[in-house]
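Taking it in order: structure first as structure tokens, then the write-up.
The values are calculated or read from the model by the stated rules, or taken from the named source; none is laboratory data. Just so it is clear, the structure is predicted and the values come from calculations on it, not from any experiment. Please note: Cβ atoms are built from the backbone with ideal geometry, for glycine as well, and neighbour counts cover all protein chains shown.
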Amino acid sequence: MFDNLSDKLDKAFHILKGHGKITEVNVADTLKEVRRALLDADVNFKIAKDFTARVKDKAIGQDVLTTLQPGQLLVKLVKDELTELMGGDVAGINLSGTPTVILMSGLQGSGKTTFSGKLANYLKTKKGKKPLLVACDIYRPAAINQLHVVGEQVGVEVYSEPENKNPVEIAQNAIKHAKASGLNVVIVDTAGRLAVDQEMMDEIARVHSAIKPQETLFVVDSMTGQDAVNTAKAFNDILNFDGVVLTKLDGDTRGGAALSIKTVVNKPIKFVGTGEKMDALDVFYPVRMAERILGMGDVVSLVERAQEQFNEEEARKLQKKIAKNEFGFDDFLTQIQQVKKMGNMKDLVGMIPGASKAMKDIEIEDDAFKHIEAIIHSMTPGERSKPSIIDVKRKARIAKGSGTKVEQVNQLMKQFDQMSKMMKMMQGPGGKNLMKMMSG
Ligand code: GDP
């Protein structure tokens with residue numbers, strides 16, 4: 001996420017690091033590089049220029065040069081400004097109304113249907129809501145099917161009327177249906193076109209005024225750069241939408257959309273999409289994103305994700321096993337599965353302060369645990385619960401069965417051994433507190 005921008009900003013701050021005494025010239029050079037980094041990330045020229053002008057004003061105002069660590073203060077000023085640029089405070093979603101009606105808008109391919117499914121899943125699992133998904137694309141039967149597939153994946157009912165060519169009617173009927181069935185959120189997915197056109201705008205405006213949604217969200221592909229901003233403007237002029245959803249932030253996006261949209265349409269980014277799977281949705285926190293861009297990591301999100309997966313009972317069981325020396329490969333596999341549920345590895349590494357930079361040249365596989373899992377799956381139940389019986393012969397068999405090399409099996413055995421030892425140590429007098437600390 002924003003790797004390029006992070007990299008360039010990091011280089012900009014390097015200018016300050018090489019000097020014993022920092023001068024006004026160094027600061028000016030740094031800010032020039034910051035501006036160049038923003039422009040490269042596809043941020044509009046005027047926004048980038050105003051950005052650095054504001055940082056400069058603040059730097060002068062706070063007498064940066066006389067402070068103990070001018071470099072750090074300047075990074076902080078840039079962080080604050082980036083946060084502001086992306087909207088300042090986190091913007092929640094309005095869930096008033098019975099039912100709450102949420103309208104999706106955006107171009108075809110922006111990720112509306114995928115996001116509708118993700119949002120339904122999020123509201124159902126995290127907010128205890130009972131959502132209904134509504135297919136209002138009357139032009140592409142495939143779009144209706146796609147929403148049905150998505151609905152099935154997340155276990156949410158999908159309302160559609162394939163024969164009806166009037167999207168206003170479909171949306172209104174869906175709301176009636178939701179009321180009658182006790183569903184309390186109606187998410188309306190609409191038709192998009194490849195580019196902004198009058199007919200599409202008229203149609204969504206009609207749907208909008210007929211169903212009066214509590215939330216109108218504009219969904220945009222973050223890879224489209226400056227175009228994203230223009231499209232946002234066109235939709236906002238017609239719908240005066242409430243918030244923006246940036247999709248495909250997991251890809252190789254330069255980030256310009258995330259950094260410019262708030263300034264241009266003055267509407268907050270509410271969610272970001274970070275993958276094709278139904279749980280790849282993040283609430284957008286400007287300050288956390290700014291910290292990630294500046295390589296400061298995002299420990300808060302990392303801990304939140306860990307906590308979501310944390311199950312006290314499971315942890316207690318595990319502790320008992322460790323104490324009794326019964327921790328085996330099956331438990332190891334369960335641990336891996338829990339980490340995997342926290343998100344993809346690249347994303348997680350990006351949340352650890354400094355780690356993205358340190359690991360930027362290391363290719364992280366999407367499924368970094370693939371080999372480990374294959375190796376464990378090739379072990380017999382006996383081997384998994386009592387790893388000490390795995391001798392040279394067994395290792396060769398396991399390697400063959402899992403399509404790996406004996407060295408990889410050895411490496412895993414070693415890692416497992418170290419981990420078991422460490423866990424055992426944490427059970428000791430000092431370790432108890434450590435465990436408590438880690439589990440919050
Ligand atoms: P719609 O035409 O606006 O409904 O767009 P779709 O929901 O059909 O999405 C278009 C394509 O983008 C599909 O292939 C999705 O799987 C993909 N997509 C949607 N959101 C994301 C995302 O956050 N990350 C990635 N990598 N792909 C996404």
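LEU147 meets the conditions (1) within 16 Å of the ligand (Cβ to nearest atom); (2) not assigned by TED's automatic domain parsing to the domain that holds THR253 in every case but one. The failed one is (2). MET278 meets the conditions (1) assigned to a loop (DSSP other than H, G, I, E, B); (2) of a type in the set (A, V, I, L, M); (3) modelled with pLDDT under 75 in every case but one. The failed one is (3). If the condition is being more than 13 Å from the ligand (Cβ to nearest atom) and in a strand (DSSP E or B), then the range 281-299 contributes only VAL283.
Here's the yes/no breakdown for (1) within 30 Å of the chain's Cα centre (by Cα); (2) without any contact (Cβ under 8 Å) to a residue 40 or more places away in the chain; (3) crowded, with 19+ Cβ neighbours inside 10 Å:
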{"site": "ARG140", "(1), (2), (3)": "yes, no, no"}
{"site": "VAL150", "(1), (2), (3)": "yes, no, yes"}
{"site": "VAL156", "(1), (2), (3)": "yes, yes, yes"}
{"site": "PRO162", "(1), (2), (3)": "no, yes, no"}
{"site": "GLY182", "(1), (2), (3)": "no, no, no"}
{"site": "VAL188", "(1), (2), (3)": "yes, no, yes"}
{"site": "LEU194", "(1), (2), (3)": "yes, no, no"}
{"site": "PHE218", "(1), (2), (3)": "yes, no, yes"}
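Within the range 105-112, not a single residue is away from the ligand (no atom under 16 Å from the Cβ), out of contact with any strand residue (DSSP E or B) (no Cβ under 7 Å at 6 or more places or on another chain), in the same structural domain as ALA234 (by TED's automatic domain parsing) and part of a loop (DSSP other than H, G, I, E, B).
Restricting LYS262, LYS176 to those that are more than 16 Å from the ligand (Cβ to nearest atom) and surrounded by fewer than 20 Cβ atoms within 10 Å (Cβ to Cβ) reduces the list to LYS176. Residues that are within 16 Å of the ligand (Cβ to nearest atom) and out of contact with any strand residue (DSSP E or B) (no Cβ under 7 Å at 6 or more places or on another chain) within the range 228-256 comprise ALA234, ASP250, GLY251, ASP252, THR253, ARG254, GLY255, listed in sequence order.
Annotation note: Cβ proximity below 6 Å between a residue of the range 315-331 that is within 16 Å of HIS377 (Cα to Cα) and a residue that is assigned to a helix (DSSP H, G or I) and of a type in the set (Lys, Arg) (sequence gap 6+ or interchain) occurs for GLY328/ARG384; PHE329/ARG384; ASP330/ARG384. Which one of GLY382, GLY343 is modelled with pLDDT of 70 or more and outside any helix (DSSP H, G or I)? Sole residue among the options that is modelled with pLDDT of 70 or more and outside any helix (DSSP H, G or I): GLY343.
Look through LYS79, LYS118 and report the one residue that is under 30 Å from LYS32 (Cα atoms) and either within 16 Å of the ligand (Cβ to nearest atom) or touching a helix residue (DSSP H, G or I) at 6+ places or on another chain (Cβ under 7 Å) (or both).
One residue alone meets the criteria, LYS79.
In this entry, LEU38 is excluded by the filter for residues that are within 16 Å of the ligand (Cβ to nearest atom) and buried (at least 21 other Cβ atoms within 10 Å of the Cβ).
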